[in-house]
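Taking it in order: structure first as structure tokens, then the write-up.
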Amino acid sequence: MLAFVVRRLIVSIPVLLLSSVLVFALVTFSGDPLADLKAKNPPPSPAVIHAREHLLNLDKPIVTRYGIWLGNLVRGDMGRTIAGTDVRSDLARRLLVTARMVILAMIFAIILAVIVGVISAVRQYTALDYTFTFAGFLFLSMPVFWLGALLKEILAIKFNDAVGRTVVYTVGDSTPGLTGGFFSNLGNYAAHLVLPTITLAAISFASWSRFQRSSMLDVLNSDYVRLARAKGLSKSRVMVRHALRTALIPLVTVVAIDFGAILGGAVITERVFAWHGMGELLITGITSKDTNVVLAWLMVSAVAVIGFNLIADVLYAYLDPRIRHG
Amino acid sequence: MASGPTTGTSTTGGPDLVETPGGAQPGPKPAGVVEREFTVAVRSQRQMILRRFLNHRLAVASLIIFIALLMGSLIGGRLWHYGFADRTGDYSQPPSLKHPMGTDDIGHDVMALVFRGAQKSVQIALLVALLSTTIGTLVGAVAGFYRGRADALLMRFVDLVLTVPSLAILAVLASVVGSKAGGWFFVAIVLAGITWAPISRVVRGVFLSLREKEYVEAARALGANDRRIIFRHLLPNALGAIIVNATIVVAVAILTETALSYLGVGVQRPDTSLGLLISDGQGAAQTRPWLFYFPGLVIILIALTVNFIGDGLRDAFDPTQTRVRA
């Protein structure tokens, strides 16, 4: 198992490198990052521009720039933004904000998907199954930002009006100027988290519940479940101990595969709810042609995706004794 | 391609109900002439698939609605008496007979905007589906048929494409090319550059299993070369999986394109797209909800019908997945 993990980690290094080269080249060729600075009125003196170019290594050839970036990355330094601030400290702060939302949304979506999927499978071809199926397709066909905006602009505001005070917040990840420790602000964080989490979870929930349904159906039709029933075990015991346990395993892989898509969804969700997370960093990085910022986002996300897939594979082998990684 | 073998099942693993050993030879079987012990109306594989699809009422209804939406989006803008750039002189009007979807604050007719946006989205989605299905099928076919080094190389490349959250790559790419003239065309190419990867994986899987079938061996014994085996024998049998995935790509492309436009890196002004319209309408969702609802509903309707069509096709091509008794 250890050999498997190590091998997978080694294999993923070239993938990371190649994607960083790709994105580096793309962002670099997309335009002049100092265009905004140069277009300022009154125009900054050549000395200022030159100093900024020097700070960002823009006066060096492209290959050298990539080499410097890579060298710094290995030492844990992600370079500077166009404005000259440190990327890593900014990223670290934003990572916490985004991770909060992503992890919560995933847990929420998994639990909901399992419940709905299993009920759908057990009550196959009933009105309940059809309702869940239709809801699944509906969420699958709904743009994340539209759902988010709908929750935010219509439902949440109506709800808050009805209650008479702000219960769920619609903007930001926390109230600005919040003082005190993490735990004393937990309630405030939670109130801000409700809508983005529901939004982000709804999209993954749709496909996962469909998947869980067919996975559960497969198991329910297998011989060993029929045997368990024939031996006289109660229906609920067969469902939970025999069928559900097996039917949960394939979901692990699907969740891992979808992880990248969830990170993408988080970018959009953050935009809808005006969060200052990693997604905002990515979008401002792209629009301002800030190579270091985009690369930083990419590296963190790619490492997360690779790591997540690795965990899923290991977990899969642990859950399903038929799979052994040599 | 369409005149391929009419026997043989479409996807992997299913029981070969119609296939006789080595029976998937090219050249149509004279239907109805075959003498059987029990007289049964002989239907070709294609007829059976069509029948199964037509029996799927939701899918057929979706197909009709989808075609109507397609027609509406492609030619509706030309027929409608307001252009998407026209100022009508009616500001922020709620829906009325004159403006069925109302007007925005600078006098644009929302119906005209939605027509234009839907046209862009549909054009992009169809082009993406065409491009990515072609590329994905070719790559998957080569990888699955030849295996070995070509397979390893191509699939590592697919891994690379899939490791990085695709929205980030798309956003970077689209911001580079999106502002160029004919923006929607580049956005489509960029989207196709990502969406072919999952298709190639599916096609590869199907090819890996199909290439071991007896009829391939028989064709080879008859002297068929690789190209003939791939295009005449394997591809028609992989068609089910390919078509179903193409429908998924249409839905994904519509949702991704609108998301990119919402983030400001897809279709650029002065042109418009459904994502841009929602982005504009979001702030007005409370006061002028028609600006926000109509573009969103059109996206959902397109994606939902495409998903239902895909579901119907999947059932039609592979009935083994549906007839399960709980």
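The values are calculated or read from the model by the stated rules, or taken from the named source; none is laboratory data. These figures come from a predicted structure and were not determined experimentally. All Cβ positions, even for glycine, are placed from backbone atoms using ideal geometry, and neighbour counts span all protein chains on display.
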Within region A:138-232, helices (runs of 4 or more DSSP H) holding 3 or more residues that are modelled with pLDDT under 85 and surrounded by fewer than 17 Cβ atoms within 10 Å (Cβ to Cβ): A:157-163, A:186-220
If we keep only residues of region A:155-212 that are farther than 30 Å from B:Phe308 by Cβ and of a type in the set (Phe, Trp, Tyr), then the residue farthest from the chain's Cα centre (by Cα) is A:Phe159
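Yes or no, residue by residue, for (1) buried (at least 23 other Cβ atoms within 10 Å of the Cβ); (2) at pLDDT 90 or above; (3) of a type in the set (Asp, Glu):
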position	(1), (2), (3)
B:Val249	yes, yes, no
B:Glu257	yes, no, yes
B:Ala284	no, no, no
B:Phe292	yes, no, no
Taking the options B:Arg227, B:Arg288, B:Arg232, name whichever one is more than 15 Å from the chain's Cα centre (by Cα), more than 30 Å from B:Ile67 (Cβ to Cβ), surrounded by fewer than 17 Cβ atoms within 10 Å (Cβ to Cβ) and of a type outside the set (Val, Ile, Thr). B:Arg227
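Can you name the residue in region A:284-299 that is surrounded by 22 or more Cβ atoms within 10 Å (Cβ to Cβ) and among the hydrophobic types (A, V, I, L, M, F, W, C) and is also nearest to A:Pro250 (Cα to Cα) among such residues?
For region A:284-299, the residue satisfying everything is A:Leu298.
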Condition met for B:Thr272 (outside any helix (DSSP H, G or I) and either more than 21 Å from B:Ile199 (Cα to Cα) or within 9 Å of chain A (Cβ to nearest Cβ) (or both)): yes
Options B:Gly264, B:Gly240; residue that is under 17 Å from the mean Cα position of the chain (by Cα), touching a residue at least 12 places away in the same chain (Cβ under 8 Å) and surrounded by fewer than 24 Cβ atoms within 10 Å (Cβ to Cβ): B:Gly240
Unmet criterion (only one of (1) surrounded by fewer than 21 Cβ atoms within 10 Å (Cβ to Cβ); (2) under 26 Å from A:Pro33 (Cα atoms); (3) under 19 Å from the mean Cα position of the chain (by Cα)) for A:Arg94: (1)
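Return the only residue of B:Phe292, B:Phe317 being in contact with a helix residue (DSSP H, G or I) (Cβ under 9 Å, 6 or more places away or on another chain) and in contact (Cβ under 8 Å) with a residue 40 or more places away in the chain.
So the residue among B:Phe292, B:Phe317 that is in contact with a helix residue (DSSP H, G or I) (Cβ under 9 Å, 6 or more places away or on another chain) and in contact (Cβ under 8 Å) with a residue 40 or more places away in the chain is B:Phe317.
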Scan region A:92-125 residue by residue and report those that are closer than 28 Å to A:Ser174 by Cβ and within 14 Å of chain B (Cβ to nearest Cβ). A:Thr98, A:Val102
Condition check for A:Thr253: within 14 Å of chain B (Cβ to nearest Cβ), of a type in the set (S, T, N, Q) and crowded, with 24+ Cβ neighbours inside 10 Å: no
Please go through (1) in a loop (DSSP other than H, G, I, E, B); (2) touching a residue at least 40 places away in the same chain (Cβ under 8 Å) for A:Gly84 and return the number of the only condition it doesn't satisfy. (2)
Got a sec? Which of A:Thr246, A:Thr253 is of a type in the set (S, T, N, Q) and free of Cβ contacts under 8 Å to residues at least 40 places away in the same chain? A:Thr246
Mind counting the residues in region B:123-151 that are of a type in the set (Gly, Ala, Ser) and under 18 Å from the mean Cα position of the chain (by Cα)? 5
Test B:Ile309 against the stated conditions and say whether it is buried (at least 21 other Cβ atoms within 10 Å of the Cβ), at pLDDT 90 or above and more than 8 Å from chain A (Cβ to nearest Cβ). yes
Does A:Arg322 satisfy the condition of being under 30 Å from A:Val6 (Cα atoms), away from every other protein chain (no Cβ under 14 Å), assigned to a helix (DSSP H, G or I) and of a type in the set (Lys, Arg)? no
Mind checking whether some residue in region B:230-238 is among the polar types (S, T, N, Q) and modelled with pLDDT of 90 or more? no
If you go through region A:278-305, how many residues are at pLDDT 90 or above and not in a helix (DSSP H, G or I)? 0
Output for Cβ contacts, cut-off 6 Å, separation at least six or different chains, first residue on the phi < 0 side of the Ramachandran plot and at the interface with another protein chain (Cβ under 8 Å from one of its Cβ atoms) in region A:286-302, second surrounded by 23 or more Cβ atoms within 10 Å (Cβ to Cβ) and basic (Lys, Arg), reads none
Is there any pair linking a residue in region B:142-169 that is away from chain A (no Cβ under 14 Å) to one that is among the aromatic types (Phe, Trp, Tyr), with Cβ under 9 Å and at least six apart or on different chains, and which? B:Val142/B:Phe207; B:Ala143/B:Phe207; B:Gly144/B:Phe207; B:Phe145/B:Phe207; B:Asp151/B:Phe145
Search result, residues across region B:257-269 that are facing chain A (nearest Cβ under 10 Å) and part of a loop (DSSP other than H, G, I, E, B): B:Gly264, B:Val265
Please go through region A:138-151 and give me each residue that is in contact with a Leu (Cβ under 6 Å, 6 or more places away or on another chain), within 9 Å of chain B (Cβ to nearest Cβ) and not small (Gly, Ala, Ser), ordered by number. A:Pro143
